[in-house]
Amino acid sequence: AGLAAATNRAFDHEWKTVLKPGAGSSITGEAEVEGKDKDKKAEAEISIKRGTPGSELPWHVHQGKCGDNGSIVGAATAYPVLKVKENGEAKAEAKLDVEAPTSGEYYVNVHKSASDLKTIVACGDLVMEAGKDKSKTAGY
């Protein structure tokens, strides 16, 4: 494995949040951001419930906390729109061309529509999961 593998281990992090409704919506869900050893690039995943069937909801990971107008992490175009199914659920995954964060404050928000990005229908502050930093795990 050698030194390269040892230095890459520190990038295996997982951030999670529970999404809470906003702006009069009833949308709830979960999101996570994680970085992998292989290329250190961040991957974001989201799943929501109680959305309006047929709606298309943009979503992003931002710097800061819910309520902030923080910068989007990675390219906005990397986040595929959430397409809500008949059961009110939707899932999406974004592969970001940035390294997974190892510190700081980040949040995930869901926008009402592509034409109304200012209205946030769900948001959650990301928290790094304890024990997910595998930099001290021998043989990993």
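The values are calculated or read from the model by the stated rules, or taken from the named source; none is laboratory data. In this text, all values refer to a predicted model and were calculated from it rather than measured experimentally. Methodologically, a virtual Cβ is constructed for each residue, glycine included, from the backbone with ideal geometry; neighbour enumeration extends over all protein chains shown. Heads up: the accessible areas ignore ligands, DNA and RNA and are worked out on the full protein's heavy atoms, side chains in. Shrake-Rupley method; radii C 1.70, N 1.55, O 1.52, S 1.80 Å.
Things to note:
- Positions within the range 98-116 being assigned to a strand (DSSP E or B) and within 14 Å of Ser71 (Cβ to Cβ), in sequence order: Val98, Tyr106, Tyr107, Val108, Asn109
- Of the residues making up the range 61-74, those that are part of a loop (DSSP other than H, G, I, E, B) and closer than 16 Å to Ile46 by Cβ are Cys66, Val73, Gly74.
- Filter result for Lys38 (of a type outside the set (Asp, Glu), open to solvent by 50 Å² or more (accessible area, probe 1.4 Å) and at pLDDT 85 or above): no
- Residue-level analysis places Asp68 outside the set of residues that are open to solvent by 50 Å² or more (accessible area, probe 1.4 Å) and touching a residue at least 40 places away in the same chain (Cβ under 8 Å).
- Checked against the criterion of being touching a residue at least 24 places away in the same chain (Cβ under 8 Å) and touching a Cys at 6+ places or on another chain (Cβ under 9 Å), the range 74-82 contains not a single residue that satisfies it.
- Selection within the range 89-100 - farther than 12 Å from Glu43 by Cβ and open to solvent by 20 Å² or more (accessible area, probe 1.4 Å): Glu89, Lys91
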